[in-house]
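Data first, discussion second: the structure below is written as structure tokens.
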Amino acid sequence: MANPAAETKLDPFAEWDDATLVLGIETSCDETSAAVVQGGRKILSNVIASQTDLHADYGGIVPEIAARAHIEALTPAIGVALLQADVTFWDIDAVAGTLGPGLVGCLLVGVAEAKSMAAVLDVPFVGVNHLEGHLYSAMLSDPPVQWPSLALIISGGHTMTVYVKDHGSYEMLGGTVDDAAGEAFDKVARFLGLDYPGGPEIDRLSLLGDPSAIRFPRAMSRDEGFDVSYSGLKTAVINHVRKMEASGAEVSVPDIAASFQQAAVEMQVGKTMAAAEHMGSERVLMCGGVAANSGLRSALATACEERSLPLYVPPIELCTDNAAMIAACGSAMLRAGNYTGLGASADPNLPLIR
Amino acid sequence: MLVLGIETSTPQASVAIGSEQGVIAGALVARGASHNEFLLPAIRWCLDETGLGFRSLGGIAVSLGPGLFTGTRAGVATAKALAQTLSVPIVGMASLDLLAYDIRYAPKTICAVLDARRSEVFHAFYRSSPGGIQRMTRYAVERPERLAIGIASRPEEVLMVGNGALLYREVFEELGSVAEMGTMSHSFPEARALVELALPRFFREDSDSLFDLKPLYLRHSAKRIEWDLIRGKTPA
Ligand SMILES: [Zn+2]
């Protein structure tokens with residue numbers, strides 16, 4: 001059998017141009033998405049089928065249910081993505097699919113389909129790191145970000161601060177030592193009896209509450225590094241509510257939501273800005289689903305303004321999981337001649353830096 | 001008409017290409033590479049060795065399980081993507097049918113049994129019929145002890161095939177001469193049988209809807225079962 005890794009027969013530099021069409025496929029978590037991106041910058045289509053409703057009963061994502069939904073939703077998503085982009089399969093120059101990190105059963109569906117399509121079309125398959133994909137969502141917004149840049153990737157599954165020197169060249173500065181930011185928001189929301197997904201609910205209620213009502217601890221604020229901890233904050237909220245209830249005091253959910261969000265945002269923005277200063281970064285990028293949080297957006301905007309640093313936050317639909325960002329990252333990999341063999345498989349723990 | 005068959009519902013994965021003249025290429029692996037790693041290089045090899053390309057394929061046949069959820073999905077996802085890209089018809093078949101088809105010349109009733117993990121087996125009963133097999137029961141998942149009771153209550157002798165029969169050999173051997181055990185060579189469903197069994201459906205233009213085709217799970221996710229129990233519902 002031929003070595004699958006040795007299938008790169010094209011000269012990538014000769015092949016690449018701004019008309020290059022990449023089909024992107026993303027199935028790492030609970031969004032089934034397919035997109036067509038031209039030249040790594042222009043979104044021709046970005047179809048996203050969300051499964052949020054399927055998981056609402058369980059208060060969190062159930063991997064097996066998510067994987068089952070992907071295999072049903074992906075075929076139509078790809079069909080619609082091609083239709084909306086007004087192209088056929090045979091116009092596609094490369095197929096990019098998320099290899100990891102994510103839920104293994106979910107990733108596998110997208111990887112299997114992306115590889116199969118690339119094989120039939122006889123075009124390169126590019127296996128994309130989901131986190132790197134998030135970074136490239138900023139290449140699709142207007143104006144696109146430039147490297148180098150400090151980047152905060154913040155979502156339900158990930159929270160990390162990295163310095164992007166150039167395509168494929170990253171320095172990890174810090175991350176969460178326990179829960180991801182979105183995970184902590186969801187857990188606190190669940191404890192407060194809010195609807196799933198809880199992150200947006202906390203954000204909405206925060207606007208109605210007093211952020212200075214309760215002074216929750218800002219974990220690790222005195223530590224030297226750029227790591228954050230959300231678990232301690234979450235526990236502090238739970239302990240506070242239990243104490244209030246035990247003493248018979250009335251619990252104001254909006255005040256708790258606002259105070260929790262305030263503490264989380266202060267901790268995250270503090271560490272992110274410290275990392276930006278440490279690296280002497282000339283710009284800051286925030287991406288990932290939690291970038292939709294209004295408190296975080298405005299606090300980070302203020303902090304960047306004070307330091308005269310341009311802040312890049314892609315529009316919400318590009319911050320949450322989507323295939324356009326995977327296609328954009330795939331395009332950059334294609335341009336760098338970085339292809340993946342057809343024997344590749346999903347890697348649920350794929351690291352951003354190898 | 002050339003049909004590509006993909007079977008990945010058990011720890012063994014296989015692919016085969018064939019027509020009404022028979023299978024012309026095939027590959028099989030039961031250890032090492034994951035199904036997802038194995039499939040495309042194996043399909044490519046089958047095509048290369050026979051001097052064909054993807055565009056020579058007139059149809060895609062895929063095993064829908066029942067079997068391992070993740071393994072089956074690797075095969076079904078690959079098959080769906082190939083059929084969608086090539087714009088060719090797709091046909092899904094049950095893994096248990098493939099097992100039974102392989103021993104269709106047996107004069108006895110056939111019971112195809114696959115390991116379903118969590119101390120259960122997937123199974124169905126068949127009898128041979130002119131040109132193939134006829135399924136007599138619905139696809140089921142239950143404990144091997146319950147299946148043994150079901151076999152004991154049947155008037156006829158049964159030939160058992162599949163890795164589920166071998167795994168719970170002691171349970172079924174208690175039935176004595178009523179249940180005969182198949183051999184190792186019939187313990188997994190294979191793509192060869194799938195191609196042969198699917199071909200008539202392509203000729204009859206009895207293919208499946210690409211958009212609706214999904215694995216035959218026979219079981220909800222563990223979380224859903226747990227949830228239904230909490231709410232006092234019986235799992236469907
Ligand atoms: Zn993500």
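The values are calculated or read from the model by the stated rules, or taken from the named source; none is laboratory data. The structure displayed is predicted, hence computed values, not measured ones. A quick note on method: Cβ atoms are made from the backbone with ideal geometry, for glycine too, and the neighbour counts reach across all protein chains shown. Just the protein is used for accessible areas: all its heavy atoms, side chains included, with ligands, DNA and RNA removed. Shrake-Rupley method; radii C 1.70, N 1.55, O 1.52, S 1.80 Å.
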Residue that is most open to solvent (accessible area, probe 1.4 Å) [pool: residues in the range B:43-76 that are at the interface with chain A (Cβ under 7 Å from one of its Cβ atoms) and farther than 24 Å from A:Glu64 by Cα]: B:Trp45
One residue is enough: does the range A:303-311 have a residue meeting the conditions touching a His at 6+ places or on another chain (Cβ under 6 Å) and assigned to a helix (DSSP H, G or I)? no
Within the range B:95-114, considering residues that are open to solvent by 10 Å² or more (accessible area, probe 1.4 Å) and in contact (Cβ under 8 Å) with a residue 60 or more places away in the chain, the one nearest to the other protein chains (Cβ to nearest Cβ): B:Asp97
Quick check on my filter: what residues within the range A:148-161 are away from the ligand (no atom under 16 Å from the Cβ) and not in a loop (DSSP other than H, G, I, E, B)? A:Ser149, A:Leu150
All but one of (1) of a type outside the set (D, E, K, R); (2) open to solvent by 10 Å² or more (accessible area, probe 1.4 Å); (3) away from every other protein chain (no Cβ under 12 Å) hold for A:Thr88; state the number of the condition that does not hold. (3)
What's the number of the condition A:Gly110 fails, among (1) open to solvent by 10 Å² or more (accessible area, probe 1.4 Å); (2) within 16 Å of the ligand (Cβ to nearest atom); (3) at the interface with another protein chain (Cβ under 10 Å from one of its Cβ atoms)? (1)
Only one of (1) touching a helix residue (DSSP H, G or I) at 6+ places or on another chain (Cβ under 7 Å); (2) modelled with pLDDT of 95 or more; (3) within 14 Å of chain A (Cβ to nearest Cβ) does not apply to B:Ile151, and that is (3)
Looking at A:Leu342, A:Leu318, A:Leu334, can you tell me which residue is among the hydrophobic types (A, V, I, L, M, F, W, C) and assigned to a loop (DSSP other than H, G, I, E, B)? A:Leu342
Go through (1) within 9 Å of chain A (Cβ to nearest Cβ); (2) not in a helix (DSSP H, G or I) for B:Ala79 and report which single condition fails. (2)
Run down A:Ala323, A:Ala328, A:Ala276, A:Ala346 and say which single residue is at pLDDT 95 or above, within 13 Å of the ligand (Cβ to nearest atom), surrounded by 24 or more Cβ atoms within 10 Å (Cβ to Cβ) and among the small types (Gly, Ala, Ser). A:Ala323
Pull up the range A:198-230, narrow it to residues that are among the hydroxyl-bearing types (Ser, Thr, Tyr) and open to solvent by 30 Å² or more (accessible area, probe 1.4 Å), then point me to the one that is modelled with the highest pLDDT. A:Ser212
Report whether or not A:Val164 is away from the ligand (no atom under 13 Å from the Cβ), in the same structural domain as A:Ala274 (by TED's automatic domain parsing) and in contact with a helix residue (DSSP H, G or I) (Cβ under 8 Å, 6 or more places away or on another chain). yes
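Residue by residue, here is whether (1) part of a helix (DSSP H, G or I); (2) touching a Pro at 6+ places or on another chain (Cβ under 8 Å); (3) away from the ligand (no atom under 16 Å from the Cβ); (4) among the polar types (S, T, N, Q) holds:
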| position | (1), (2), (3), (4) |
| --- | --- |
| A:Leu82 | yes, no, yes, no |
| A:Ala119 | yes, no, yes, no |
| A:His134 | yes, no, no, no |
| A:Ser137 | yes, yes, no, yes |
| A:Gln146 | no, no, yes, yes |
| A:Leu173 | no, no, yes, no |
Restricting attention to the range B:188-207, the residues that are open to solvent by less than 10 Å² (accessible area, probe 1.4 Å) and under 16 Å from B:Asp115 (Cβ atoms) number exactly 1
Answer from A:Leu83, A:Leu99 - the residue that is free of Cβ contacts under 8 Å to residues at least 60 places away in the same chain, of a type outside the set (D, E, K, R) and more than 7 Å from chain B (Cβ to nearest Cβ): A:Leu83
